[in-house]
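For reference, the structure is listed below as structure tokens.
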Amino acid sequence: MPKRSKEDTEVTIKTIMDAVVDQLLRLGYDKMSYTTLSQQTGVSRTGISHHFPKKTDFVLALDGRIFNLFVTHLDFEHDLDAFENSWMKGLENSEFLAILRLFFHHIVAADRADSFAYYGVDRLYKLAGDKLGEGSRKQVEWLIGKSLIEMSK
């Protein structure tokens, strides 16, 4: 069998990652599997595991994409009240909730949770601080806590 080109490999990885995002948001992390990904992409389970040996590797590879999806739900252009209101409204949105669940799950479960938390929480604190200024860190902490309570109901 001839060796695959770099371009073919990149297309395969993009196809897998697109399916991962779709399934993480639709099915959730626990229901996503190599089998469901294989069925959606047409890439064999072995082919998928060649690129992503552990399930946690998917989320770590998607960190920037997941973060960008998350912040699109939030209002960073106005004041802290608008930011809080957008977050609370986000708690009624299935995509926002799926991203929060994924985020919280991986903070406690991922092998490299420190890295995931750093690129998630710290980026959120920094973005809020840059856009909203003083008091934003305390507000983000409160909203994370509020989200955990709301999601446990």
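Summary table below
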read-out	value
Of all residues making up segment 26-44, the number that are assigned to a helix (DSSP H, G or I) and modelled with pLDDT under 95	1
All positions within segment 45-56 that are touching an Asp or Glu at 6+ places or on another chain (Cβ under 9 Å) and in a helix (DSSP H, G or I)	HIS51, THR56
Members of segment 37-54 that are over 19 Å from LYS6 (Cα atoms), in contact (Cβ under 8 Å) with a residue 12 or more places away in the chain and surrounded by 14 or more Cβ atoms within 10 Å (Cβ to Cβ)	LEU37, GLN40
Pairs, first in the same structural domain as ASP79 (by TED's automatic domain parsing) in segment 115-134, second modelled with pLDDT under 90 and surrounded by fewer than 16 Cβ atoms within 10 Å (Cβ to Cβ), C-beta under 8 Å, six or more apart	PHE116/ILE107; ALA117/ILE107; TYR119/GLY64; GLY120/ILE107; VAL121/ILE107
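The values are calculated or read from the model by the stated rules, or taken from the named source; none is laboratory data. As the structure is a computational prediction, the values presented were derived from the model and not from experiment. Note that each Cβ is placed from the backbone with ideal geometry, even for glycine, and that neighbours are counted across all protein chains shown.
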